[in-house]
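> Encoded as structure tokens, here's the structure I'll be asking about.
The values are calculated or read from the model by the stated rules, or taken from the named source; none is laboratory data. Bear in mind that the values here come from a model prediction, so they are computed numbers and not experimental data. As a convention, Cβ positions derive from the backbone with ideal geometry for all residues, glycine included, and neighbour counts pool all protein chains shown. Surface areas here come from the heavy atoms of the whole protein model, side chains and all, with no ligands, DNA or RNA. Shrake-Rupley method; radii C 1.70, N 1.55, O 1.52, S 1.80 Å.
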Amino acid sequence: MSNKILFTIIIIIGIFYPFGLFSQVFNDFGFERTQSVIVQKLNGIPYLNSWAGGINSAQFSEIDLNLDGKKDLFIYDRIGGRILTFLNLGSQGNTLYTYTDTFNNHFPHVYDWVKLADYNCDGKEDLFTYGIGGIKVYKNVSDQSTGLKFKLITNEIQSFQFSMYQGLFLSSVDYPAIADMDGDGDLDILTFWIIGTYVHYHQNMSMEKYGNCDSLDFRLNHQCWGYFKENDTANGITINAPCPFKDCAKQSGMFIDTLGTRHTGSTLLALDLNGDLAKDMIIGDVDYPNVHALYNGGTQDTARITSVDTHFPSNNVPLHLNSFPDVNSLDVNNDGIKDLIASPFDPQSSLSENKKSVWLYLNDGTNSNPVFTLNSTDFLQNDMIDLGSDALPVAFDINNDGLTDIIAGNYGTYDSSWHQTGNLHSSFTSSLSYYKNIGSLLNPVFRLIDTNFANIHALHLKGAYPAFGDIDGDGSADMILGNSDGKLIFFHNNNPSGQLPAYSAAVFNYQGIDAGDYSAPQLFDLDSDGKLDLIIGEQKGLLKYYHNDGSSSNPVFTLTNDSLGKVDVRDANVSYQGYSIPCFCKTNSGDTRLFVGSLKGGIAYYKDIVPNINGEFTEVDQYYLFLRDGERSAPAVAYYNGDTLPDLVMGTVSGGLIYFKGSSPQIIGMQEVNSNEDAKLSVYPNPGNGFFNVQLDLPFMTIGNFRVADFSGRTLKTGKICSNTKELIDLSELENGIYYIVVDGLMHCKIPYIVKKIVLCK
């Protein structure tokens, strides 16, 4: 499938039924992701991957994405749950990667962590990811005819332990080691015990039992791999620790005093650091910036940790990366030797380094005797727009040259960390970045001019979000700034129009307005009276409307509606907070449209605005055109390239920006028939991550047929559905997208079918 976000498949009327019972539905306009718009760094050199969307807490693996025989990069960013893929264009000994979103939807839904490793020895990396308290596995079944493709093998790896097969337990706060520990060719698994302290070794018995490595047949080989233990409240390591467990081969249960112990999370990487064939271990720990290298003085069959490097790699610049680093081993520069990449594993964006959060160590030695040398602390990040956390772009012609610029705020960039009362705390400071449009009306080219526009960094804010407009009638654009405390800050522009702004001192608590935490203001003449009004998004997910009751030169913003348009972007399945970010804009025909970003991600789209300022806007779609790139989306819709279609720059939770050029109106599917006088079809959660509850309500009991179809009308799944009973439909094997559930065969109903659109977002 191409990298177009919108679907361009032509739908034939009557594709489901020969009598044309369905009608086509068209969008107002579309958005198509593109990497072609150039963005230059401060020094004028273009970014290689400008619009990749940023990186915060990344887990790296290598995999051949396009089946050209060369290993590419797979990244899972735990902050926001984003998948990023990069094609490897480098030659031997050189590093060159280009971002592509072509393969994103080919990967299954993943949570918390991902490791790609070839368990069946076919040369293709399979996918291991977190299941509920365990490990889920997908086999890589790609080939030249189907392209990149995965097949679910198990929802939970089983391991023979305590006289029976049980689920191999793994906490969501742990990152397991998956490697051939005993040198027999199949992949084994090491992970911390349920409450930490000791590492359990689950040996893969595939080679021993079947003579090949294509099975996932594990047994608990040892409950104290390496005879070491980790401090239960810190990251200290004790070697030569006696194992407190019984012989797991004979016991029917575990015995250990767990009083006072707790496990807060660790990351593991097993690899040979000293060429003795016995795997050593690199361990990261929650709330700490360093990793420990544990050297195995035992054998492949009987591990025993004999020494610890607490400042790994001590031969070079030791890793120091807040917080909770995970380390991955892969060949980055195409020399056939495995390098190391480290990034935070912490799921909290308020704790970890977010702008220099990918440390690359190149291996100047060999695979069996590695010598790691720090190459970069911002690998890949240095070649994309990356503003730290929560990029918040605004489109505005700041220098009045007729070209739309981008001024982007953020939650903040990482400053420092400290421990207090046993917990890690981190400081972040927000700033504004100014990207000047130095291109033309038809071909925008952006150049980074200032990373601290208006010196906002000095105010020590979080969540700085700007709004621009001439609110005092002097012809130049002033600035109003929202931030995490909900109050507004006003900056008067002293320069005339056509020059870069020169702002007076900040006026805090502007007009006493407090819209709620994480205020996101926009200046927009909503009622077309010639005066700029103020609309503010906020943490709860609603929009607040402050009408300008003053004049165009002396505004008085009065709260008129605290739930403008009845817009509410909260999703209880994600959070009770919404973090609404409004972007009103005018179409070429003069109609007002509204796009809203939110914590749940995606872009909500509304129309019928002006007639309903005091009523309810028409919600076209909560996930317009299926634009989803992680949590905390922030839209900046404008006519960047001078054509008749609006474009979109979207900020991501990972601190990056994504560019979508406007495209012609597209067919988006079939008209829904959600209910009639006799029947009602409910599907939830919708959007869903693969499992949908479907309930058909009828005044009588019957059994109908259901089918799941894509935009082309192709049937993907069929089954029976009983009325007045909740059915669970598993669509987790399908790619992300928009589908239709069609229930038919409803006898004695005026309309013998119901159609419901569903959104699959894994």
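> May I ask for the equivalent-ellipsoid semi-axes of segment 420-496, computed as the square root of five times each C-alpha gyration tensor eigenvalue and listed largest first in whole Å?
Details: eigenvalues 175, 73, 19 Å².
Value: 30, 19, 10 Å, ordered largest first.
> Can you give the accessible area per residue of the chain, in Å², using a 1.4 Å probe?
38 Å²
> If R0 is 41 Å, what FRET efficiency do you get for N316 and L442 from their C-beta distance, rounded to 0.05?
Approximately 0.25, to the nearest 0.05.
> Just round it to a whole percent: the fraction of Cα-Cα distances in segment 37-149 exceeding 17 Å.
59 percent
> Hey, another quick one. What percent do you get for the relative contact order of segment 494-570 when only Cα pairs under 8 Å and 6+ apart count?
Here the relative contact order equals 20 percent.
> Here's something else I'd like to know. Just want the answer: with Cβ charges of +1 for Lys and Arg and -1 for Asp and Glu, which residue in F324, N495, S732 is farthest toward the dipole's positive end in the chain?
Value computed over the given set: S732.
> With unit charges on the beta carbon (Lys/Arg positive, Asp/Glu negative), name the residue among S350, N334, P393 whose Cα is farthest towards the positive pole of the charge dipole of segment 324-400.
The listed residue farthest towards the positive side: S350.
> Okay, next question. Gain in length, S575 to Y210, computed as 0.36 nm per residue apart minus the alpha-carbon separation, to one decimal in nm?
Length difference between fully extended and current span is 126.7 nm.
> What net charge do the residues around S484 carry, taking every other residue with its C-beta under 14 Å from that of S484, with Lys and Arg at +1 and Asp and Glu at -1?
-1
> Assuming a ≥ b ≥ c are the square roots of the Cα gyration tensor eigenvalues, decide whether segment 358-446 counts as rounded (a/c under 1.5), prolate (otherwise, with a/b larger than b/c) or oblate.
oblate
> Net charge around R593, counting only other residues with Cβ within less than 10 Å of its Cβ (Lys, Arg = +1; Asp, Glu = -1)? Working shown, then result.
Numbers: positive: K586, K607; negative: D28, D591, D608.
Residues close to R593 contribute a combined charge of -1.
> Let me ask another. Using the C-alpha atoms of segment 564-672, what convex hull volume per residue, in cubic angstrom, is computed?
116 Å³
> List the pair-distance distribution P(r) of segment 307-357, using every Cα-Cα distance, as the percent of pairs falling in each 10 Å bin from 0 up to the bin containing the longest distance, rounded to whole percents.
23, 44, 30, 4
> Give me P(r) over segment 361-511, computed from all C-alpha to C-alpha distances, binned every 10 Å, as integer percentages.
The percentages, shortest bin first, are 10, 31, 28, 16, 9, 4, 1, 0.
> Take D514 and E616, extend 7 Å from each Cα along the Cα→Cβ direction, and tell me the distance between the two endpoints in nm.
3.1 nm
> Leaving out ligands, DNA and RNA, what percent of the accessible area of the chain is carbon and sulfur, probe 1.4 Å?
Using a 1.4 Å probe with all protein chains present, the chain comes out at 50 percent carbon and sulfur.
> Give the cross-link partners of K757 among the lysines, using a straight C-alpha distance below 24 Å as the criterion and excluding same-chain residues fewer than 8 apart.
Cross-link targets: K4, K566, K600, K607, K680, K717, K720, K726.
> Still on this structure: Tell me, how many Å apart are the Cα centres for segment 310-374 and for segment 587-636?
40 Å
> Something else: If you stretched the chain out fully between V556 and N724, how much longer would it get, using 0.36 nm times the residue separation minus the C-alpha to C-alpha distance?
55.0 nm
> Round to the nearest 10 and report in Å² the accessible area of K229, as given by a 1.4 Å probe over the protein chains' heavy atoms.
Surface accessible to solvent at K229 totals approximately 80 Å².
> How high is the relative contact order of segment 118-205, given as a whole-number percent (alpha carbon pairs under 8 Å, six or more residues apart)?
Across segment 118-205, relative contact order equals 19 percent.
> Taking only Cα atoms of segment 314-423, what ratio of Rg to Rh do you get with Rh as the Kirkwood inverse-distance radius?
On the Cα set of segment 314-423, Rg over Rh gives 1.11.
> Tell me whether segment 121-176 comes out rounded, prolate or oblate; compute the Cα gyration tensor, take square roots of the eigenvalues as a ≥ b ≥ c, and use a/c under 1.5 as the rounded threshold.
Note, shape of segment 121-176 comes out prolate.
> First obtain the Kirkwood hydrodynamic radius of segment 437-565 from its Cα pairs, then insert it into the Stokes-Einstein equation at 25 °C and 0.890 mPa s, and state the resulting D in µm² per second as a whole number.
158 µm²/s
> Mean projection of the alpha-carbon convex hull of the chain over all orientations, in nm²?
35.3 nm²
> Right, something else. Restricting everything to alpha-carbon atoms, can you work out Rg to Rh for segment 284-377 with a Kirkwood hydrodynamic radius?
1.00
> Can you tally the net charge around G550? Count Lys and Arg as +1, Asp and Glu as -1, for every other residue whose Cβ sits under 12 Å from the Cβ of G550.
For residues surrounding G550, the net value is -3.
> If eta is 1.306 mPa s and T is 10 °C, what Stokes-Einstein diffusion coefficient results for segment 132-250, Kirkwood Rh from Cα pairs, in µm²/s?
102 µm²/s
> Sort all Cα-Cα distances of segment 571-617 into consecutive 5 angstrom bins from zero, then give the percent of pairs in each bin up to the one containing the longest distance.
Going out from 0 Å in 5 Å bins, segment 571-617 shows 5, 20, 22, 22, 16, 10, 3, 1 percent.
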